[in-house]
Amino acid sequence: MSDKAAWFVTAASRGIGLELVTRLSASPASLVIAACRNPEGAPKLEAAAKAAKGELHVVTLDTGDEESIRGVADQVAEILGDRGLDYLVNMAAITEGDDKAFGFSPEGFIQSMRVNVLGPALLAQALLPFLEKGKRKVIVNVTSGLASIGLNFGDKNATYSISKTALNMLTYKQAMQRPDLVAFVIDPGWVKTDMGGPNAFITTSECIDLLLSWIPDAGPERSGKFFNNKGEVLPW
Ligand SMILES: NC(=O)c1ccc[n+]([C@@H]2O[C@H](COP(=O)([O-])OP(=O)(O)OC[C@H]3O[C@@H](n4cnc5c(N)ncnc54)[C@H](OP(=O)(O)O)[C@@H]3O)[C@@H](O)[C@H]2O)c1
């Protein structure tokens, strides 16, 4: 059996997800399954796969599509063989931008719940047998500070905030149901990506430096909690 840490990361085509899989796969100690909707349209991911010193496997996954989520388990089984999965990172998300509680688009709301909440929930269900066989058994659901009522961000980004707050509760429920797993949510910070925009505070590289300084060692004491990118607890 391999001693490599096995990671499954969604949204590997760009942004924070791309930086994470690029960084992880630079180490021979990692096996990374990088999931994205359209690998043919992800040239930076292709470049990361070519430069990888560890194992980097690219799989096709639309986290807004139940059939696609169910289908990915077979691909994971083929890649992992009798190895387990150590870390599942649910990174993929969409935003409706700065909409409001009185006046959002119903279609945008449903699609946000589908991609930002239901997708991570169903993916964790589909990959649970592999996590059960993993040494670390960690589920990292990537949320946002905007999900926090305690941080009080006011009326902005209503749909996105509601979906991420639901993701927070999903994660709490996962942690409560399965104390053998380590499931937590992280706010990556305000990051310069297509979603974060050019005025954000940190680059994807700075973000991943912070996240990889503590997530690989995350143990049961982290489970069911909400953290910033430094691993400090945030209020719900
Ligand atoms: N950037 C920030 O400041 C910030 C702040 C707080 C939280 N976050 C969170 O951090 C995570 C990463 O954000 P980011 O800034 O890197 O976002 P981004 O640059 O906008 O990239 C979004 C990623 O999600 C993928 N995605 C969207 N819908 C998908 C679907 N249905 N199936 C599969 N993949 C899908 C995109 O894939 P395609 O290339 O196929 O579209 C892309 O890889 C998200 O969960 C976001 O909510 C970001």
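Helical runs (DSSP H, four residues minimum) scored at -39500 (n - 2.57) apiece and divided by the length of the chain put the mean residue ellipticity at 222 nm at -11500 deg cm²/dmol.
Annotation for S213 and I110: the two label points, set 7 Å from Cα along the Cα-Cβ direction, are 4.4 nm apart. Given the options N38, N141, N152, state which has the largest fluctuation in a GNM of the chain using a 10 Å cut-off (strictly under) for Cα springs. Checking each option, the largest mean-square fluctuation is seen for N152.
One quarter of the convex hull surface built on the alpha carbon atoms of the range 5-227 amounts to 11.7 nm², the projected area averaged over directions. Using the Cβ-Cβ distance between F102 and D3 with R0 set to 41 Å, the FRET efficiency from 1/(1 + (r/R0)^6) comes to roughly 0.15.
What separates the Cα centres of the range 104-154 and the range 57-88 is a distance of 16 Å. With each label modelled as a point 7 angstrom along the Cα→C-beta vector, the E206-M176 pair spans 3.7 nm.
Relative to the longest principal axis of the Cα atoms of the chain, helix 119-133 runs at roughly 30 degrees. The fraction of accessible area contributed by carbon and sulfur in the range 5-227 is 56 percent, rounded to a whole number (1.4 Å probe; ligands and nucleic acids excluded).
Return the percentage of antiparallel bridges among DSSP beta bridges fully within the chain, rounded to the nearest 5 %. The partial results should precede the final answer.
Numbers: 1 of 27 bridges.
Roughly 5 percent of the DSSP beta bridges within the chain come out antiparallel.
Among T95, T143, the order of accessible area from largest down is T95, T143, computed with a 1.4 Å probe on protein heavy atoms. Rolling a 1.4 Å probe across all protein chains gives R136 an accessible area of roughly 90 Å².
Ranking L151, L170 by solvent-accessible area of protein heavy atoms (1.4 Å probe, all protein chains present), from largest to smallest, gives L151, L170. When W236, W214 are compared by accessible area of protein heavy atoms, the largest-first order is W236, W214, using a 1.4 Å probe. Among the lysines of the chain, pairs that are 8 or more positions apart or on different chains and have alpha carbons within less than 18 Å of each other number 15.
Does anyone have the angle between helix 66-80 and the longest principal axis of the chain? Alpha-carbon axes, 0 to 90°, nearest 10? Long axis of 66-80 versus the principal axis of the chain: about 30 degrees.
The values are calculated or read from the model by the stated rules, or taken from the named source; none is laboratory data. These figures come from a predicted structure and were not determined experimentally. Every residue, glycine as well, gets a Cβ built from its backbone with ideal geometry; the counts of neighbours run over all protein chains shown. These area figures cover heavy atoms from the full protein model, side chains too; ligands, DNA and RNA do not enter into them. Shrake-Rupley method; radii C 1.70, N 1.55, O 1.52, S 1.80 Å.
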